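Enquirer: Next up is a structure, given as structure tokens.
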Amino acid sequence: MAEKGTSGDHKNASNMEEGSRDNNSLVVSLGETLVDFVPTVNGVSLAEAPAFTKAPGGAPANVAVGISRLGGSSAFIGKVGDDEFGYMLADILKQNGVNNSGVRYDRTARTALAFVTLRADGEREFLFFRHPSADMLLREAELDINLLKQARIFHYGSISLIAEPCRSAQLAAISIAKKSGSILSYDPNLRLALWPSPEAARENIMSIWDQSDIIKINEDEISFLTGGDDPSDDNVVLEKLFHPNLKLLIVTEGSEGCRYYTQGFKGRVPGIKVKAIDTTGAGDAFVSGILNNLASDLNLFQDEKRLREALFFANACGAITTTQRGAIPALPTRQAVLQLLSKAAAS
């Protein structure tokens, strides 16, 4: 497997997502959407925070909005409470150009909430309110089958695997999308506090690993899934996490950029330096950037030059998102990404 370095990726990245909005490039996300409450100041505990800013979020919903903001075609499947927060979240999806026909409402459970503590460096700690929340109660019978069959890419995480009935709903959705010819995209998005045990998290996250065509993970997740192995070691990634049918494995490294592994090549793409305020949603913005490009050009799996350009574009999406508080409010437009890429090229 050949490895490539990190130079020259900014030159053509700004052209990567052109022409992606069409009927054949639909990206469908399934999972949780929730309300994040983010402290108005960094570096304090939840108890010490003087106030919180309400911000819509939830990783799969963030990805759907991110793709639409970039000019792509996206839809979201999930469940919210039959309450004001639930209707607010569904409306925000619609306002952002996301097809929300797959959203269902539950009268017996509330929309999920998360309080997010921001450390001084912009990293986060979470306190979730899900006992259970409505997203956990999505049933297989409530899936929008037509949306799943239309998806060029089907994207999902691991949160919906934690409890029934949403676990069975997600497994059914993966099966339907796969049979319909969709590319399957998986971001485990480990939130250990939500799982009954670390062992349950590891087992369930890995239970659908070999079904996915694209997987995006971070270094902490590599350490967790491999039982503490060095996340920067290519051999660890290739031997323990790169399954035979995988088309693309991406390891995000925060502000440092990302690494990529395919059947034929591997390498690293640099990040873009910005002043981070809140890293919430940065990984989801990154996923939006790469999936939006892949939806319109599946040949990226075989073309390393174009893949590197797409990953540099995705790095820019993630960087911009860290410069504002919250997830969905901070997701960038195509124009904002192009402006940052232009600055990077000039510097």
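The values are calculated or read from the model by the stated rules, or taken from the named source; none is laboratory data. Since the structure is predicted, the reported quantities are computational estimates derived from the model, not experimental observations. Positions of Cβ are backbone-derived with ideal geometry, glycine not excepted, and every protein chain shown enters the neighbour counts. Accessible surface areas use protein heavy atoms only, side chains included; no ligands, DNA or RNA. Shrake-Rupley method; radii C 1.70, N 1.55, O 1.52, S 1.80 Å.
Enquirer: Can you give the extra length, in nm with one decimal, that the chain gains between Val274 and Ala51 once fully stretched, where that is 0.36 nm per residue apart less the Cα-Cα distance?
Expert: 77.7 nm is the gain from fully extending Val274 to Ala51.
Enquirer: Of Gly289, Gly271, Gly43, which has the largest mean-square fluctuation in a 10 Å C-alpha GNM of the chain?
Expert: Looking only at Gly289, Gly271, Gly43, the largest GNM fluctuation is found for Gly43.
Enquirer: Okay, moving on. Roughly speaking, what is the stretch gain from Leu127 to Gln211, that is 0.36 nm per residue apart minus the C-alpha to C-alpha distance, in nm to one decimal?
Expert: Answer, rounded to one decimal: 27.2 nm.
Enquirer: How far apart, in nanometres, would the label points at Arg107 and Glu199 be if each is projected 7 angstrom from Cα along the Cα-to-Cβ direction?
Expert: Result for the modelled spin labels: 4.1 nm.
Enquirer: Near Phe129, within a Cβ-to-Cβ distance under 14 Å, what is the net charge of the other residues, with Lys and Arg +1 and Asp and Glu -1?
Expert: Neighbour charge sum, excluding Phe129 itself: 0.
Enquirer: Explain nothing, just the number: dipole magnitude of the chain about its Cα centre with +1 on each Lys and Arg Cβ and -1 on each Asp and Glu Cβ, in debye rounded to the nearest 20.
Expert: About 820 debye.
Enquirer: Further, regarding this structure: With point charges of +1 on the Cβ of Lys and Arg and -1 on the Cβ of Asp and Glu, referenced to the Cα centre of the stretch 27-345, which listed residue (Thr226, His243, Ile145) lies farthest in the positive direction of the dipole?
Expert: Ile145
Enquirer: Once the other residues with Cβ under 10 Å from the Cβ of Ala173 are scored (Lys, Arg +1; Asp, Glu -1), what is the net sum?
Expert: Cβ neighbours under 10 Å give a net charge of -1.
Enquirer: In percent, how large is the relative contact order of the chain, given Cα pairs closer than 8 Å and 6 or more residues apart?
Expert: Relative contact order for the chain comes out at 21 percent.
Enquirer: Of the candidates Leu241, Leu30, Leu148, which one comes out as most mobile in a Gaussian network treatment of the chain with C-alpha springs shorter than 10 Å?
Expert: Of Leu241, Leu30, Leu148, the Gaussian network model singles out Leu241 as fluctuating most.
Enquirer: On a C-alpha basis, how far is the centre of the stretch 295-334 from the centre of the stretch 252-293 in Å? Whole number, if you could?
Expert: Centre-to-centre distance over Cα atoms comes out at 7 Å.
Enquirer: Among Leu161, Leu194, Thr279, which residue has its Cα positioned farthest towards the positive end of the charge dipole of the chain, with +1 placed on the Cβ of Lys and Arg, -1 on the Cβ of Asp and Glu, and the dipole taken about the Cα centre?
Expert: The one lying farthest along the dipole's positive direction is Thr279.
Enquirer: Treating only the Cβ atoms of Lys and Arg (+1) and Asp and Glu (-1) as charged, compute the dipole magnitude of the stretch 232-347 about its Cα centre; round to the nearest 20 debye.
Expert: It comes to approximately 280 debye.
Enquirer: Between Gln95 and Val41, what is the label-to-label distance in nm when each label sits 7 Å out along the Cα-to-Cβ direction?
Expert: 2.9
Enquirer: A further question on this structure: Given a 1.4 angstrom probe, what's the average accessible area per residue across the chain, in square angstrom?
Expert: Accessible area per residue, the chain: 40 Å².
Enquirer: Please compute the modelled spin-label separation between Gln335 and Asn24, points set 7 Å along Cα→Cβ, answer in nm with one decimal.
Expert: About 3.0 nm separates the two model spin labels.
Enquirer: Related question: Leaving out ligands, DNA and RNA, what percent of the accessible area of the stretch 27-345 is carbon and sulfur, probe 1.4 Å?
Expert: 49
Enquirer: Please check: in the Gaussian network model of the chain (C-alpha springs, under 10 Å), which one of Asp106, Asp303, Asp278 has the largest mean-square fluctuation.
Expert: Result for the chain, Cα springs under 10 Å: Asp303 fluctuates most.
Enquirer: If we sort 229-235, 31-37, 181-187 on the protection proxy, mean other Cβ atoms within 10 Å, highest first, what's the order?
Expert: The peptides rank, most packed first, as 31-37, 181-187, 229-235.
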